[in-house]
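The values are calculated or read from the model by the stated rules, or taken from the named source; none is laboratory data. Given the structure is predicted, the values throughout are model-derived calculations rather than measurements. Heads up, the Cβs are rebuilt from the backbone with ideal geometry, glycines too, and the neighbour counts pull from every protein chain shown.
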Amino acid sequence: MGSGRPYEIQHNICGNLCNEHGLASANLPTKAAIQQGSGTLLMIGHQEVCFNLQAEDMYGWLNTQAGYQAYALQFHVHTLNSECGKYGAAVYTYGAHERSEGKYQAQYPGDEPRGYACILGGSPSPKFWGCTTHLTPWDPKYTRQQFEEAYGMVALTALGGTPVLWGGDLYLSPGELEGLGGFSSNTTTEADACPTPQYWTNSRGYRKVDHVLGTISVPCTQDAYIDPVFWGDPSIEFCIGASHEPPCPWYSDHRLVGGYLVP
């Protein structure tokens, strides 16, 4: 179990549904995790986010906690949602030098436009790219194609010498990632890399589909999983279920995970 504040956080916050409907309370699990321990939070990846009341709230809160304009926000719009306006994926990084955002070429017909949001972070160094994505769940062919596009950008960036911290709700298990677009666990580390069972984060297939990944290694003294009891406040829902009532489903793909990858 990791001790201290995680360096990376990945959470599909289910911000437009799950009785959150665009409310800033969907950020409570992330805020609770950040408030524990010490150390520099490098990156947060959020999916199913409402920009106005959730992404902007998280952005403002991070910088208030830091005491100065330390964190940056980049947003990829999936769609305009009646519940919350701009709706999509958000990445927050410690420091910002460049930004990148875009759609994948492979798009499942009728689905909201899937894509990525990235920031070249580091304040001022070491620099790293922090990226998040939410792939399509509707057809495994398109899911794999979108991942291959994403990993192609990651691999090219890492080849140029800049480490990449990335992840999201990928709808692909660790075994399914292997070999896609040249992906290899030998060169890209899953933050949940310690010799313990990888925590399931999907209730519809009992498999891990939410990932914190890095083109850097991680010591196996710390784990990617965050337990609300470990953090001392079981009232904070680290998993947001459709009923929005504790206890949260153990296998939810709306469960928060954290990583300890250091660029």
Exercise. Within the stretch 112-145, work out how many residues are touching a Ser or Thr at 6+ places or on another chain (Cβ under 6 Å) and either crowded, with 18+ Cβ neighbours inside 10 Å or within 17 Å of G259 (Cβ to Cβ) (or both).
Key: 12
Exercise. Kindly indicate which of A155, A106 is in a helix (DSSP H, G or I) and surrounded by fewer than 24 Cβ atoms within 10 Å (Cβ to Cβ).
Key: A155
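Residues are listed down the side, and each one gets a yes or a no for (1) farther than 14 Å from L180 by Cβ; (2) touching a residue at least 24 places away in the same chain (Cβ under 8 Å); (3) in a strand (DSSP E or B):
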{"position": "T93", "(1), (2), (3)": "yes, yes, yes"}
{"position": "G102", "(1), (2), (3)": "yes, yes, yes"}
{"position": "A117", "(1), (2), (3)": "yes, yes, yes"}
{"position": "L120", "(1), (2), (3)": "yes, yes, yes"}
{"position": "P126", "(1), (2), (3)": "yes, yes, no"}
{"position": "T132", "(1), (2), (3)": "yes, yes, yes"}
{"position": "E149", "(1), (2), (3)": "no, yes, no"}
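Every residue, every condition in (1) under 24 Å from E101 (Cβ atoms); (2) in contact (Cβ under 8 Å) with a residue 24 or more places away in the chain; (3) touching a Lys or Arg at 6+ places or on another chain (Cβ under 8 Å); (4) not aliphatic (A, V, I, L, M), yes or no:
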| site | (1), (2), (3), (4) |
| --- | --- |
| E8 | yes, yes, no, yes |
| N12 | yes, yes, no, yes |
| L23 | no, yes, no, no |
| N27 | yes, yes, no, yes |
| A33 | no, yes, yes, no |
| S38 | no, yes, yes, yes |
| T64 | no, no, no, yes |
| K86 | yes, yes, no, yes |
Practice problem: Could you grab me the full set of residues in the stretch 53-82 that are more than 23 Å from P263 (Cα to Cα) and surrounded by fewer than 14 Cβ atoms within 10 Å (Cβ to Cβ)? | Solution: G60, T64, G67, T79, L80, S82
Exercise. Would you check if there is a residue in the stretch 169-180 being farther than 25 Å from E112 by Cα, surrounded by fewer than 19 Cβ atoms within 10 Å (Cβ to Cβ) and modelled with pLDDT of 90 or more?
Key: yes
Quiz item: When you look at L41, is it buried (at least 16 other Cβ atoms within 10 Å of the Cβ) and under 17 Å from G258 (Cβ atoms), yes or no?
Solution: yes
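Look at G22 and say whether it is over 30 Å from K141 (Cβ atoms), out of contact with any helix residue (DSSP H, G or I) (no Cβ under 7 Å at 6 or more places or on another chain) and in a loop (DSSP other than H, G, I, E, B).
Considered against the rule, which asks whether it is over 30 Å from K141 (Cβ atoms), out of contact with any helix residue (DSSP H, G or I) (no Cβ under 7 Å at 6 or more places or on another chain) and in a loop (DSSP other than H, G, I, E, B), G22 comes out as no.
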Quiz item: What about Y116, is it among the aromatic types (F, W, Y) and over 19 Å from D210 (Cα atoms)?
Solution: no
